[in-house]
1. State the Cα centre-to-centre distance between the stretch 88-130 and the stretch 153-205 in whole Å.
2. Can you check what the net charge comes to around A60, using other residues whose Cβ is under 11 Å from the Cβ of A60 (Lys, Arg +1; Asp, Glu -1)?
3. Give the carbon-plus-sulfur fraction of the accessible surface of the stretch 108-183 in %, rounded to a whole number; probe 1.4 Å, heavy atoms of protein chains only.
4. Ordering I54, I105 by how much accessible area each has at a 1.4 Å probe, largest first, what is the list?
5. How large is the dipole of the stretch 55-158 about the Cα centre if only Lys and Arg carry +1 and Asp and Glu carry -1, each at its Cβ, rounded to the nearest 20 debye?
6. To the nearest 500 deg cm²/dmol, what mean residue ellipticity at 222 nm is calculated for the chain from DSSP H runs of n ≥ 4 alone, each contributing -39,500 (n - 2.57), summed and divided by the residues?
7. Quick one: which residues, 5+ away or cross-chain, put their amide H under 5 Å from the amide H of E183? H built at 1.01 Å from N.
8. Quick one: net charge of S111's neighbours, Cβ under 9 Å, K/R +1, D/E -1?
Amino acid sequence: MKDGEVTAPTYILVHGAWGGSWCWRDVGAELDRRGVTWRAVDLPSSRNGADPSIGLAEDAAAVAALADGDGPYILLAHSYGGAVVSEVASRIPNLQRCIYVAALIPSPGESATNASRRVRVRTRLDDAIEVDGDFLRLNPVLAAKALYDDCTPEVSTWAINQLSTQTLASFRSNRESEKARTETIYVRCTNDHAVDPELQQLMSEECDFALSLESEHSPFLSQPSKFCDLILN
């Protein structure tokens, strides 16, 4: 790199509960087309057959492991991934900013579950969740309406078939880190049926900037090009 040349940031993409790096299939292709460097994590709490004790700390460690260079980095978090990014952000070297998309941002000492209860509104996602011992599963028919209502039937079916279990411990683990000293941006999804827009408004008030996107919960699959326009600009 020449003196004075600015290094472009690497985007680290952090999926939500029941998801995986597969969530970013279309966004990844779009970022590649635009010459943007990116990495996507597979959170250990979202793996089928995961140890039921895996929680927020293990998920944060998986994200930290991707930031193995000098950066700069941008953390992009979706849904439960917001709790993970909030926990790990202070440990990422040369962190440029955090972008939260329809995300939960627990306060220090608060869990993702408690953060979600700041607004007592039952969503379609709540109706889709099924408890299975130490894990949470999603009813596939109800989950399609909760998560992928704006997607084509083909994309929705594909995504539903990828969904995993989620450890209860991940939602119940308290955030232990303090707020990172970096710019934070919140993207509110205005037609969301999973994280209520009123709750998103509260979360966005904790960030430096807030943007709105006319979308349901998964704009990275329903409108990947427009989503990339937003996060890159």
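1. If you average the Cα positions of each part, the centres end up 5 Å apart.
2. Around A60, the surrounding residues sum to -2.
3. Taking all protein chains in place, the stretch 108-183 shows 45 percent carbon and sulfur surface.
4. Largest accessible area first, the list is I54, I105.
5. 440 debye
6. Helix-only estimate at 222 nm: -9000 deg cm²/dmol.
7. Correct list: C98.
8. Surrounding charge for S111 is +1.
The values are calculated or read from the model by the stated rules, or taken from the named source; none is laboratory data. Source: prediction; values computed, not measured. Reconstructed Cβ throughout: ideal geometry from the backbone, glycine too, with neighbour counts over all protein chains shown. Note: areas computed on protein heavy atoms with side chains; ligands, DNA, RNA excluded. Shrake-Rupley method; radii C 1.70, N 1.55, O 1.52, S 1.80 Å.
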